[in-house]
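Novice: This is the structure, below, for whatever I ask next.
The values are calculated or read from the model by the stated rules, or taken from the named source; none is laboratory data. Quick caveat: nothing in here was measured; it's all calculated off a predicted structure. FYI the Cβ positions are ideal-geometry reconstructions off the backbone, even for glycines, and counts take in every protein chain you see.
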Amino acid sequence: MRLGIDLGGTKTEIIALRDDGSELIRRRRATPQGNYDGTVETVAALVEEVERELGRRGSVGVGIPGAVSAVTGRVKNANSTWLIGEPLQQDLEKALHREVRLANDANCFALSEAIDGAAAGAEVVFGVILGTGVGGGVVVRGHVLAGANRIAGEWGHNPLPDSAPAPDCYCGRRGCVETFLSGPGLKKDHAGTTGQVLDPATIVAQAAAGDAACAATMQRYESRVALALAFVINIVDPDVIVLGGGLSNIDRLYTNVTRLWGEHVFSDHVATRLVKNRHGDSSGVRGAAWLWAPA
């Protein structure tokens, strides 16, 4: 039995999977925001509850909104700031009396879709999160590629060459992919061009209904997605790119982005497939369980 935990900023979710990937049980609790000790206790309590109910012990994988430093072994780059600088893996192992595997939540998304999701069977998979932020993860032959600095797949904080003014990013840089391709980035781009403050879903709907300004915003967005993903293809050359996050539900991306990205890919043909996720919001917690994937 594999237990996966998605340690989010507002909720902590656990899932138990059989070896074939079928779900045994799922539970969630509110994450005690700002309380590190409470967060460790919440994870331990969920594991204890599920194992008691199922009557068996499982492996434990945890997806976190950050990464574990290769130098200190402590959490870095976490949106849940109370985790930063803490020895989360060691504390969870102490609380649970077993080895625990941790990975960035975008890596967990990519792993879930590579194991039994939209990219099942592909050798190299790049998983993309297009939501409030922009993240990514790389999976090779069913295993997460963490990288020497534990930042493999962090394409959201590369600069995106664009004619528009480079927006400030929370990371301290300017013009990051995330500032253009996130949901807030799309909303801000439309407002800056038209003066209209619309959410992404409304922009997409009005573009489909023939609104010229919204259609132009979507064309800019798709061109930027195509350029940013072409950089990924030129470096990683994945078999499949899987989109996740709220903006992955924009169906026109899968046709328009692939039509545009060839201009920027250093090849006479682009074989990489762009696909929508299969497991949706469950991919993160499922991927955490699959950190204990079959060899």
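Novice: Scanning segment 52-93 for residues that are in contact with a strand residue (DSSP E or B) (Cβ under 8 Å, 6 or more places away or on another chain) and acidic (Asp, Glu), which turns out nearest to residue 15 (Cα to Cα)?
Specialist: If we take residues in segment 52-93 being in contact with a strand residue (DSSP E or B) (Cβ under 8 Å, 6 or more places away or on another chain) and acidic (Asp, Glu), then 53 is nearest to residue 15 (Cα to Cα).
Novice: Let me ask something else. Based on this model, can you work out whether residue 49 counts as exposed (fewer than 15 other Cβ atoms within 10 Å of the Cβ), part of a helix (DSSP H, G or I) and either in contact with a strand residue (DSSP E or B) (Cβ under 8 Å, 6 or more places away or on another chain) or of a type in the set (Gly, Ala, Ser) (or both)?
Specialist: So residue 49 fits the description; yes.
Novice: Using the structure shown, decide if residue 59 is closer than 23 Å to residue 125 by Cβ and either exposed (fewer than 14 other Cβ atoms within 10 Å of the Cβ) or of a type in the set (A, V, I, L, M, F, W, C) (or both).
Specialist: no
Novice: Only residues that are modelled with pLDDT of 90 or more and in contact with a Phe, Trp or Tyr (Cβ under 7 Å, 6 or more places away or on another chain): list them for segment 159-180, please.
Specialist: Passing the criteria: 160, 177.
Novice: Test residue 196 against the criterion of being modelled with pLDDT of 95 or more and closer than 17 Å to residue 257 by Cα, and give yes or no.
Specialist: Criteria not met by residue 196.
Novice: Can you say whether residue 102 is farther than 22 Å from residue 181 by Cα, assigned to a strand (DSSP E or B) and at pLDDT 95 or above, as far as the supplied structure shows?
Specialist: Yes, satisfied.
Novice: Would you please name the residue that is farthest from residue 58 (Cα to Cα), looking only at residues in segment 266-295 that are without any contact (Cβ under 8 Å) to a residue 40 or more places away in the chain and of a type in the set (Gly, Ala, Ser)?
Specialist: Taking the candidates together, the pick is 267.
Novice: Continuing with the same structure: When the residues of segment 216-250 are narrowed to those that are within 18 Å of the chain's Cα centre (by Cα) and among the β-branched types (Val, Ile, Thr), which ends up nearest to residue 113 (Cα to Cα)?
Specialist: 242
Novice: Quick check on segment 138-149. Is at least one of its residues of a type in the set (Val, Ile, Thr), assigned to a helix (DSSP H, G or I) and either in the same structural domain as residue 264 (by TED's automatic domain parsing) or surrounded by 15 or more Cβ atoms within 10 Å (Cβ to Cβ) (or both)?
Specialist: The answer is no, given that none of the residues of segment 138-149 is of a type in the set (Val, Ile, Thr), assigned to a helix (DSSP H, G or I) and either in the same structural domain as residue 264 (by TED's automatic domain parsing) or surrounded by 15 or more Cβ atoms within 10 Å (Cβ to Cβ) (or both).
Novice: While we're looking at this one, here's another question. Mind counting the residues in segment 57-74 that are small (Gly, Ala, Ser), outside any strand (DSSP E or B) and more than 20 Å from the chain's Cα centre (by Cα)?
Specialist: Residues that pass the stated criteria total 3.
Novice: Specify which of the listed residues (287, 245) is surrounded by 19 or more Cβ atoms within 10 Å (Cβ to Cβ) and at pLDDT below 95.
Specialist: 245
Novice: Considering 139, 144, 177, which residue is among the β-branched types (Val, Ile, Thr) and touching a residue at least 60 places away in the same chain (Cβ under 8 Å)?
Specialist: The match here is 144.
Novice: Closer than 17 Å to residue 283 by Cβ, basic (Lys, Arg) and within 21 Å of the chain's Cα centre (by Cα), is that true of residue 2?
Specialist: So residue 2 passes the test.
Novice: Something else now. Mind listing whichever residues of segment 6-41 are buried (at least 16 other Cβ atoms within 10 Å of the Cβ), of a type outside the set (Ser, Thr, Tyr) and assigned to a loop (DSSP other than H, G, I, E, B)?
Specialist: 8, 21
Novice: Okay, moving on. So which residues in segment 196-217 are exposed (fewer than 13 other Cβ atoms within 10 Å of the Cβ) and either in contact (Cβ under 8 Å) with a residue 60 or more places away in the chain or of a type in the set (A, V, I, L, M, F, W, C) (or both), if there are any at all?
Specialist: The answer is 197, 209, 212.
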